[in-house]
């Protein structure tokens, strides 16, 4: 039987795949090293178990010990898998720019996650490096693998990842491209390949805001590459050429690789592919370029694969701007624009009003005024049913005694995006103009507009 002893034995020997579509028009052969096929979904799986084994050999980590690590997520996943098998407690410290999926995944393995601010200097007590250092000092039996200083990081790639690539290409590799974070991957692979082929070109993909390509440190959104200092695990002399890739280019390329090549990748892979395509323009058809894709895009579904998130940061062109009053004008049917209930009406009257108009909710006002300030609450048939079912006498109570909080209000000239944001939390929104409520939009109204009227001329 072909059986692995543990999940960790599935690590490595990730395949090379030829890229076809995103490379169109370029002469070199570009091969992608699919590191997302490691057990934890990233190249960092390779170093996680080896840093733990090294610590065990040196007596730095023993039974019942705690692993504390500052991480952008992927190293944490590799460590968490190994720790789950070895029985260690894990605490990971992450900057707040990291995706929710990465955090949730670490917690799924039973790890504890501490979130720290992104926009602080490395020396700040609040930085994820400093917080991890403090926890490692304070917790008895704690060990910090510290991928930024632990030489097991580049040594692993020099001993394993580099030789893998050399064997898979049968030595026919001319250029190697990788994003640079801790620098361990490019340092180790680069050393290995240069030993085999001294004239190979090693290309580092960096991001704007990183010190590697000369920037003053500043926040950026691409996860897993770039740094605000030079880690001891990085040997800059290995890199022959740098390509700086802005966040937007990295994310759009990641989406292109996913949609055109069928390989779901993260933003740092987008950086690496973008850098590989840039470099490929300088080489001919006899060149073989290997680009390392460090992780899967499943950890970024709420970010780079969310059109809303991409538009929020200006990485995608926004859709046609639609105003709220255009949606209001498109409402179908003979209903009056606004139906209200007085706070002094009886509940029975309110129920009759809902039944008369075939609606499930209505705003509550003082003295039937349409001034925004007079909208003091709301009634919904679901809450009324529950109240009256349990207490029939509630039918005689004033609406003010049973009403729910007010319905949110949006200005008529606001973007429909504002209405959508409110409708995610509430079943309806009031539409106002000059401090006066002129109508109400429900989820059903917006859905009908998007389905049937979106392309109609603006009213």
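Report the per residue volume, in Å³, of the convex hull enclosing the C-alpha atoms of the chain. Mind dumping the intermediate values first?
Values: hull volume 102.9 nm³, N = 459.
Looking at the chain, the number lands at 224 Å³ per residue.
Computed over the chain, the per-residue total of -39500 (n - 2.57) for DSSP H runs of n ≥ 4 gives a 222 nm mean residue ellipticity of -9500 deg cm²/dmol, rounded to 500. When peptides 211-221, 243-253 are ranked by their average number of other Cβ atoms within 10 Å per residue, the highest-first order is 243-253, 211-221. Pairwise Cα distances in segment 34-113 exceed 20 Å in 25 percent of cases. Counting only DSSP beta bridges whose two residues both lie in segment 324-452, roughly 75 percent are antiparallel.
With Cα atoms as the point set, segment 324-452 shows a radius of gyration and Dmax of 14.6, 44 Å. Fewest-first ordering of 94, 196, 11 by other beta carbons within 10 Å of each residue's beta carbon gives 196, 11, 94.
Looking at the chain only, what percent of DSSP beta bridges run antiparallel? Nearest 5 please. Please report the intermediate quantities before stating the final value.
Values: 20 of 55 bridges.
Percentage antiparallel, nearest 5: 35.
Using the Cβ-Cβ distance between residue 301 and residue 395 with R0 = 51 Å, the FRET efficiency computed as 1/(1 + (r/R0)^6) comes to roughly 0.60. For segment 193-215, the residues whose backbone nitrogen is under 19 Å from a point 7 Å from the Cα of residue 230, taken along Cα to Cβ, are 202-215. If R0 is 41 Å, the Cβ-Cβ spacing of residue 16 and residue 339 corresponds to a FRET efficiency of close to 0.05. Over the chain, Cα pairs under 8 Å with separation of 6+ residues give a relative contact order of 13 percent. Stretch residue 424-residue 151 to full length: gain in nm at 0.36 nm per residue minus the Cα-Cα span? The span from residue 424 to residue 151 would gain 93.4 nm if fully extended. For segment 371-431, what class follows from the C-alpha gyration tensor (a ≥ b ≥ c being the square roots of its eigenvalues): rounded when a/c is under 1.5, otherwise prolate if a/b is larger than b/c, else oblate? Oblate is the answer for segment 371-431, as a/c is 1.5 or above yet b/c matches or exceeds a/b. What translational diffusion coefficient, to the nearest whole µm²/s, does segment 139-233 have by Stokes-Einstein, given a Kirkwood radius computed over alpha-carbon pairs, a temperature of 37 °C and 0.692 mPa s viscosity? Using the Kirkwood radius from Cα pairs, D works out to 229 µm²/s. Computed across segment 222-338, the Kirkwood hydrodynamic radius from all distinct Cα-Cα pairs reaches 17.3 Å. Between residue 311 and residue 115, the simple label model (points 7 Å from Cα in the Cβ direction) yields a spacing of 2.4 nm.
Here, each number is a calculation from the coordinates, and none is a lab measurement. Being a predicted model, the structure only gives us computed values, none of them experimental. Every residue, glycine among them, receives a Cβ derived from its backbone with ideal geometry; neighbour counts consider all protein chains shown.
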